[in-house]
Amino acid sequence: MINQVGKGLFVLNGEIVDYLYQLENTTYRISELFDSEKLWIPSHLSNDNVKKTQYLDGFENQASMIHSFHGDSIGMCSPTVCYHCYSMLSDKELIGNKSFTATGKCTRIEDEGDSLERLFNFTMSEIIFVGTQNYCEESLSDVMYYVKQFLDGIGLIYKFEIANDPFFGNKSELKKRAQHLSGAKIEILAEIPNENRSIAIGSINLHHKKFIDNFNIDAECTACFGWGLERFIHVLMLQKGDKPLFELKWDSFQRNTNKFKSDIRLNTIKNEDSWYRFQGEHYWVCERDLNKLQFEYDGLFGFVVIDSLSQLQKYQSQIKKGIDVMTKELYDWNTIWDFQELQKRINDGVIFYCQIVDDMAVHWQFQWFNKVLISDHKWNLEGVLPKDSTYGGHWWCHQEYRHIRNLIPSLFNNLAVHLKSIGMSRDLGYVDGWNWKAVGVSKKLKYTDSSWVEELKWL
């Protein structure tokens, strides 16, 4: 089935070819969930597009350049698939967010080349995303969800791990470190049996504006997912031994109807003190030092403090309208609450901070004092808070109002003013690890890393 015809070059035949087609089809089945447009691509890049990729700035040793018989430079054998998509979109108007998928031959001249583990010429299947930053981030999170389902379904032994992105083609150690910390590239590492090591069989990449600027693409961001077909099958056969691969669940993934998001930072966060792993998931634990915040009530967006049942009754109609919208938006939230639960919380000393716009509560946050019961994720964790501390949770904002300038900061600034006025010094909280956009927003609101979970007396 495996026939070497030169260094780093193999001709494959028999059932291994069928396995390769199975894996390629898996890529296309996943891409259909994003309505991806299929591309048929060439095997090399023109000299102009080689310059735009900046691949030679850091990986010239892996590049395979093409010259005519007379020595004229023609271009470079493509080291990856997505470059062709960016070349296609260069200087063209892009309407809305777009997804593309393609399979093609890639060439990278690496040190080895005597097995399917590391080839000079190999096949890569990719799904490429071009559009807004949010679209690319959301799409990568969903891709991770589908890929994880598939890998778990076929029983592959693997892990996700943060890595430096070779797409950026820069030797600077500082830049590589920055990429590492930002989670620009996540590798899918598969275990090699009996060798105590793993190798990358694919990757998930967020490029930000790199190729947008280089190729003059009419969008905010690019991203891609891809895997090397030969290496993937090579590792899969090593792990499965004599087991026929056709017995595997090649269709073991389904559409992400619940909008579950895999943690895009995964193994990065486990090394940070403020990230905690609980029941298989990661969470960012944070707090605000209220004494360091200098805010005044801004009077914007109908800020209201609901700290009594009489105050709740006053705004009952507007709040119920907001709860109705929340219930429809978060239909799959396992700890959804209603107006009756809100009454109980207020009666127990919880404060409900909200903003009323267009005669409806459109944005809110709960704050607990003395004791807190964290019921999210079915945890049911009860803890005693320090006297000067409050715990904030169950934040929500109406989707149609989220992008109103300063709406979210206004609530949290006014909330901080009120908390300080009643003697609070620390505002504690956490963010689900998958929701890395919310982590970013929280940091802008002056939340910082914290270890408060270790300070609480858990009951």
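Throughout, read-outs are computed from the coordinates displayed, never taken from laboratory work. Fair warning: this is a prediction, and the values are worked out from it, not measured in the lab. Methodologically, a virtual Cβ is constructed for each residue, glycine included, from the backbone with ideal geometry; neighbour enumeration extends over all protein chains shown.
Things worth noting here:
- Using the Cα coordinates of the range 1-92, the gyration tensor eigenvalues translate into equivalent-ellipsoid semi-axes of 27, 23, 11 Å, sorted from longest to shortest.
- Dipole of the chain, positive end: most advanced residue of Ser198, Gln149, Gly440 [Cβ charges, Cα centre]: Gly440
- Over 22 Å (Cα to Cα) - which of Lys344/Lys371; Lys321/Lys344; Lys321/Lys378; Lys51/Lys92; Lys344/Lys378; Lys378/Lys457 fall in this group: Lys321/Lys378
- Neighbour-count ranking [beta-carbon atoms within 10 angstrom, fewest first] of Tyr276, Tyr86, Tyr297: Tyr297, Tyr276, Tyr86
- According to the Kirkwood relation over distinct C-alpha pairs, the hydrodynamic radius of the chain is 24.9 Å.
- The chain - mean residue ellipticity at 222 nm from DSSP helices (-39,500 (n - 2.57) per run, n ≥ 4, rounded to 500): -9000 deg cm²/dmol
- Computed log₁₀ I(q)/I(0) - Debye formula, equal Cα scatterers, no solvent, the range 275-458, q 0.10, 0.19 Å⁻¹: -0.37, -1.61
- Cross-link pairs exceeding 30 Å in C-alpha to C-alpha distance, out of Lys185/Lys420; Lys98/Lys328; Lys105/Lys437, comprise Lys185/Lys420; Lys105/Lys437.
- Vicinal HN-Hα couplings computed from phi for the range 186-197 (Karplus, 6.51 cos²θ - 1.76 cosθ + 1.60; Hz; Gly/Pro x): 10, 9, 9, 9, 9, 6, 8, x, 6, 10, 6, 7
- Taking only the Cα atoms of the range 298-384, the ratio Rg/Rh comes out at 0.97, with Rh defined as the Kirkwood radius.
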